[in-house]
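The structure under discussion appears below in the form of structure tokens.
The values are calculated or read from the model by the stated rules, or taken from the named source; none is laboratory data. Treat the numbers as computed from the prediction; the structure is a model and nothing was measured. So basically every Cβ, Gly included, is an ideal-geometry build from the backbone, and we count neighbours across all protein chains shown. These accessible areas exclude ligands, DNA and RNA; they are computed on the full protein's heavy atoms, side chains included. Shrake-Rupley method; radii C 1.70, N 1.55, O 1.52, S 1.80 Å.
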Amino acid sequence: MLIAGPSRQIPAFGCLMIGAAALLGLQPVFAESLWWHVARGREALTFNLLPSASLLNADVAAEADWLSGVPTALAFDLGGLHGLMLLQLLIAVSIAVMLIRAVDDEHTGLKAWLILPALLLLCNRSLPVPASLTLLAIPLVWNIARDQQREPTSARLVQLFVVCVIAANLAPGVLWFLAAVAIAGIVRGKSPTAQFSLHGYCQCLGVAAAAGCLTPRGVLAYRDAFVLAFPQVNVPRAYLTGTHFDVLASSDDRFAIALFVVLAVFVAIHHFRRRACFETWACFSVLQFCAWSCAGNLLPVTVLLVLLGTADRTSVSKLSIGLPRFQPFAFMLTTGLLTGTCVLGVADLDRRLGWGVAPLLDYRPLQRDLTGLEVDGTVLANDVLGAGVVALLELPNLTAHDTPERALLGDRWISSWRLWDDISHQRRNPYDRDDGTTGGWWSSLQNDDIKILLIDSRQHSILRTLETTSWRMLSLDSPVIPYGFSGEPAMAKPILECWDARWMVNYGPWQYDFPGAAVVWGRTDIAGTVGCESLTDECRRLAGVFEALELYHASSKVLTAALSDQPSATVQNQLQKSMQRLARSEQTLASRASRWDTWLAVNPGDEKAAASRSLMLKLGFLSKRVLGTSQLHFEPLAPSDNWQTARSYYFDGRLDLAMKALDSNNFATVFARAQLQIVLGQTDAATDTLKSLNDSEIDPVLSVLVAHELKSVQRN
Amino acid sequence: MNSSLYSATRRPTVVVLTTVAVVACAMMAVQHQRKQTPGPAVASRTRPPQIQSCVDCHDIAKQFDSVPHAQTLRSPGVSVLQKQFSGQSFKAGDGSSTYRFFEEDDGSLWCENDSYPQPVSVDWLLGSGRHAITPVSTWTNSAGQTELLELAVSWYPEQGLGLTLGQSAETLQDAIGIDRLGKRLSHGESLECLGCHSTWLPLDEGRVRFHEVDPGVTCNRCHTGAARHVETEGNATPPGFSWEKLTPLESVNRCGNCHRRADQMTSEELTVDNQLLVRFASAAIVQSPCFLKQEVPDDSSKVRLDCLTCHDPHRPASNDPVFYSDRCRTCHGGASHKESRCPDMTSDSNCLPCHMPKVEIHPNLSFTDHWIRIRDLDLTRTR
């Protein structure tokens, strides 16, 4: 196809790109702001001009893109999860078509170098939420603004006006539309076939600017767009660390950064070869600054960069710089490999070929936990995922407090950051900060009538911190975990039920059922069903929660269940880390970890070294302080073939075989069997084993560990 | 050099280099903008002025070392009070559990109990000894953060060793392992404890740099912003430095940052039936009718009711009841509309036993109840 004549190249190339985009869009929806925008869209469909303010207690302001949630809401209300996927596919294909049409250069090579990284960047992130509407609106505005005539006609201006009004109300970031008009006008002016007219240019800009004000937010829409594009103007960068408002270089998405760098280099080379004018380079610089100063600008800047990369029609002689000639076969191979990697992924990544919605977005556990709760007040979530679910559920007596983006726009970011900093560091009582303000979460939560906290289940440090506060967990399995205040009478029953559930999962007969490639609430893992390794993201998430709560046996139950289905280095790694934490907790409790848990915690091959004090110290299983006394009794681990075998079975998830391998009757082995019985859910057998140990004359360390486990198993 | 090639490449090269330079400068500007986020003043990144800086100009600081506030946190190795623990033992509950303190050859203090296989070191002593001294042991958790073990046995000035307030023999009897030795505090609780017993508590990612701690409550702990004051040789008084312009509530709450504030308690806790409230004077006093009904004068020379009315934190608290009763009579004595109508009162009566009695909240601890009110003799009903 691609080695045929030019007339056949474009359609073939376009089909390839559209196919790649469709595959890239064929991934379960994972955008954390999904439910928030569904809720906003539903509010907008009732002609509510202030959808966000209606859903949040802390927000009172209007918003420019008040309709941006409508497409998502309609897709979900009309088609459910399938509707969301269809919308995502439609957007991905539309982005590909938009890129192909924008790059109407005769050289397929240029198309390839520009479109491929842009496609991979745009089609794999945050669909189908409103940001994608901005990506589609920018080229529309650009094309209208790139009028080839000296002065834009009235029809063109009206067209520009209407499109900008619709875009401003439907898509966030009105500043990007203005930027598209501004850049298109400048670059167009340098085209040999067009003549630049300052009057016409100002007309276009004025029309676009005026159109952008025709939103419920009015002229402040530009202020909001500026704040979102350059948040460091309002908020010191230290408060933005770890969010997508921080600089691009700090983002965890290294793949996106690499793609953007590749795209920028291609565009720069193209400009260089074509001896682009100063204005083009200036626009290029400004776009680079926008992208690198805030990770949230990456996607719109990518689109503008592609448009800019092909806009300069200066047809002066190109510099004779040798560049690799485009090879069709090589291009197809590269496309195929990159696309295949994205869609098939690896089992330990959450995103790959599939259908539905990511399990992290499952709102049903929270719906179960919060519905019927007899408490009125506000729900404080630490991210948009939790706030979005609360808004989606439309609970009559509970309202979400705020979202990160609305907090940034409403100048509440810093106070919100400080509150969560106090919560995560357990600073309840009032204290003086070194900037003269007063901290402490107690007063803040009282003032805002906060009755429920919602914590993302992946925020393990906050989960650990809250364990020692008066906020108690109401759920174990929800992706967003609700906490209620223990002093609230209405919370007593759910708190106790959750407390019982903790025993059940850790010491009780509960066992985890690893779903494998089966459907997990609306997510069909297509790659898994055709033979790829099953996804383990959900079981790792759940195990992480258990580990944060120091429910190490529950964590082992989950991870070994996954390992029994398929081997996975990532799961084994997480299991070992969990065992290390368990060993540390035993060391704290009893001054030394049990031999079995130490055995599981060390790396294979370290068994002999595990007998050494230095390794035990390094792993934290012995306290240096303890070593300072003369009463230390340290029994080094003795390598045992049976223990090695048992450990291998354990990390393969074959706990029954591990149990059989531990056939010795020395006390350490018997205790190891008791641990395995707990993980296997054999509570009664574990109780008997521990009782037999308790009645024996065992060393003081083991005596403490046995007493602790027996008390926990018996719930005394 | 080929001039046409040179001219063909020169302009684009200049533009490219300029572009790169502009972007790089912009990035550096953004990167440079990064500032540290604020944290607790007690754990500020820069060391505050130490008491020696204050002594140069303020006589009141000269004897501050002997004041209880300055002695609320001490290392056992340098403390003369180590002998109060070393070689001593205490039997808890029915005597089945014994806590023994001993000293190693290097001077370190340790505590052991039958239920825990190894002894634990006593790293710090909390409390001036006016009420009690509680030993704590420190370690770092799996996240590298400092945590404390508040040992089950404390020292009391009159009784010697006894159970630490907040820990009971029954709870300890049922505890296993390290929990029999004392109460484990989380990282946040540990920092809160240490923060109120020190002037500077430097942290490294949650780990306390104990070798740099400024133990005890000294000048900068209450007069925040002292660094600026010292830098300007006394000319600047930053916000939080001076107490003169504080309202009574603000003044009490400043003390209450450590001694507890009423606005951090629930309504169920702020009742006369809550015996533990007696421990928290600053939370109790703001419940007093004396406090609630006071008219805050414009003239600071007139007496008002807050902690400083009766207590000078730069000196040990007085034990003379006449001193305190005289303070009461400043408002409630003489021909004033606040004159007391107490039928039992004479001109030299001691007001405290009826209106601010000592309440025993622990076998070894009594605190003065700062909820000043009219109390019946049985102390169970208020009129």
Between B:Glu250 and A:Val262, what's the calculated FRET efficiency when r is the beta-carbon distance and R0 is 56 Å? Round to 0.05. 0.45
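State to the nearest 20 debye the size of the charge dipole of the range B:73-215 about its Cα centre, where the only charges are +1 on K and R beta carbons and -1 on D and E beta carbons.
In debye, rounded to 20, the range B:73-215 gives about 280.
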Which of the trypsin sites (Lys or Arg not before Pro) across the range B:191-265 are loop residues per DSSP, with 11 or fewer other Cβ within 10 Å? B:Lys245
Whole-Hz couplings from phi, Karplus 6.51/-1.76/1.60, listed for the range A:297-304; x for Gly and Pro: 8, 4, 5, x, 5, 4, 4, 5
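Return the value, in Å² to the nearest 100, of accessible area buried between chains A and B (probe 1.4 Å, both sides summed).
On the way: alone 30190 and 23040 Å², together 48430 Å².
The buried area between A and B, both sides summed, comes to about 4800 Å².
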Extension gain from B:Thr237 to B:His58, taking 0.36 nm per residue of separation minus the Cα-Cα distance: 63.0 nm
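Given the range A:641-716, report the % of alpha carbon pairs whose separation exceeds 21 Å.
On the way: 730 of 2850 pairs.
Looking at the range A:641-716, the distances longer than 21 Å represent 26 percent of pairs.
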Given H placed on each backbone N at 1.01 Å, which residues far from A:Tyr431 in sequence or on other chains put an amide H within less than 5 Å of it? A:Gly439, A:Gly440
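Let me have the relative contact order for the range A:444-497, percent, based on Cα pairs under 8 Å that are six or more residues apart.
On the way: 60 pairs, mean separation 18.0, N = 54.
Rounded, it is 33 percent for the range A:444-497.
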Other protein chain Cβ atoms within 10 Å, averaged over every residue that makes up A:435-441: 4
Taking A:254-260, A:521-527, A:33-39 and ranking on average Cβ neighbours within 10 Å, highest first, one gets A:33-39, A:521-527, A:254-260
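Determine the shielding of peptide B:259-269 by partner chains: average, over its residues, the number of Cβ atoms on other chains within 10 angstrom of each Cβ.
Numbers: counts 0, 2, 5, 0, 6, 7, 2, 5, 1, 1, 1.
For peptide B:259-269, the averaged partner shielding equals 3.
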5 angstrom amide H check on B:Ser97, placed H, neighbours 5+ away: B:Ala92
So which of A:Lys493/A:Lys711; A:Lys660/A:Lys711; B:Lys62/B:Lys183 end up more than 28 Å apart by C-alpha? B:Lys62/B:Lys183
For the range B:73-215, the percent of accessible surface on carbon and sulfur atoms (probe 1.4 angstrom, ligands and nucleic acids excluded) is 46
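Among A:295-307, B:187-199, how do they line up from the highest to the lowest mean number of other beta-carbon atoms within 10 Å? Show your work: numbers first, answer last.
Numbers: A:295-307: 24.5, B:187-199: 22.5.
Per-residue mean Cβ counts within 10 Å order the peptides as A:295-307, B:187-199.
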Once the Cβ-Cβ distance between A:Ala210 and A:Ser250 is put in as r, and R0 is 35 Å, what FRET efficiency do you end up with, to the nearest 0.05? 0.45
Could you let me know the centre-to-centre spacing of the range B:252-270 and the range B:144-221, using Cα atoms, in angstrom? 21
In whole Hz, with x marking every Gly and Pro, tabulate ³J(HN,Hα) for the range A:218-224 from phi via Karplus 6.51 cos²θ - 1.76 cosθ + 1.60, θ = phi - 60°. x, 5, 5, 4, 6, 5, 4
Computed FRET efficiency, Cβ-Cβ of A:Gln682 and B:Ser318, R0 51 Å: what is it to the nearest 0.05? 0.15
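Using a 10 Å cut-off around each Cβ of peptide A:286-297, what is the average number of partner chain Cβ atoms that fall inside?
Working: counts 4, 1, 7, 7, 1, 1, 6, 7, 1, 0, 0, 0.
Mean partner-chain Cβ count within 10 Å for A:286-297: 3.
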